[in-house]
Amino acid sequence: MIYGEVARFNKQKNHKFLLEIFQQILRRQPSAKLVLVGEGELLPDLKKQVSEIGLSNSVIFLGVSNNVPNLLQAFDVFMLPSLYEGLPFVLVESQAASLPALVSDSVTKEVDLTNYLTYFSLKSSPTDWAKMALRLSKQARHGDSILDNTGFNINVMVKTLDDFYNDILN
């Protein structure tokens, strides 16, 4: 199974906790991989931590990518244990990819557009997070247009922009 995150490497994203969760996942699923996409000031510290705790063969740092939609298709579970968040657009993208996501309860509920987000308390242990992530990894993904009625659809956006510009011109 592939667990992943697309985020800046800073304190807000809570990568240290994510690594603790992933250690628990590996105890139950030794072949699992954690793919981390992004960059940031804490990247060197995280790489060092991964090495020190013996996860170098299981954690993949991809750096910045312009191909997030395809990466999301490769993940089995998206994880975002952030300490705080505004409206993380990557969760809209993950839902568009029909990707189950395990996110902290500090993430705004406004981003919950589908049944693919599972909110979990940061007060819960890494073991409990791991158990939930493993449960989510068994969910079937659907290729349907689940975001069609949410406003995050290309056809809806094109019509909205078309109406907006037509109003201006008239």
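The values are calculated or read from the model by the stated rules, or taken from the named source; none is laboratory data. Just so we're clear, the structure is a prediction, and the values are computed from it rather than from any experiment. Using ideal geometry, Cβ is built from the backbone for each residue, glycine included, and neighbour counts are taken over all protein chains shown. Keep in mind that these areas ignore ligands, DNA and RNA; they rest on the heavy atoms of the full protein, side chains included. Shrake-Rupley method; radii C 1.70, N 1.55, O 1.52, S 1.80 Å.
Overview of results
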| quantity | calculated |
| --- | --- |
| Mean ellipticity per residue at 222 nm, deg cm²/dmol - from DSSP H runs of n ≥ 4 across the chain, formula -39500 (n - 2.57) | -12000 deg cm²/dmol |
| Theoretical FRET efficiency, 1/(1+(r/R0)^6), r = Cβ-Cβ of ASP163 and ILE2, R0 45 Å, to 0.05 | 0.65 |
| When each of LYS13/LYS131; LYS11/LYS47; LYS33/LYS109; LYS11/LYS131; LYS47/LYS123 is checked by Cα-Cα distance, pairs over 18 Å | LYS13/LYS131; LYS33/LYS109; LYS11/LYS131; LYS47/LYS123 |
| The chain, relative contact order [Cα under 8 Å, separation at least 6], % | 22 |
| Alpha-carbon Debye profile of the chain, log10 I(q)/I(0) at 0.10, 0.16 Å⁻¹ | -0.40, -0.91 |
| Accessible surface of ASP167 - all protein chains present, 1.4 Å probe, nearest 10 Å² | 120 |
| FRET efficiency, LEU122 to ILE53 (Cβ-Cβ, R0 22 Å, nearest 0.05) | 0.60 |
| Förster radius 41 Å - calculated FRET efficiency between ASN70 and ASN170, Cβ distance, rounded to 0.05 | 0.50 |
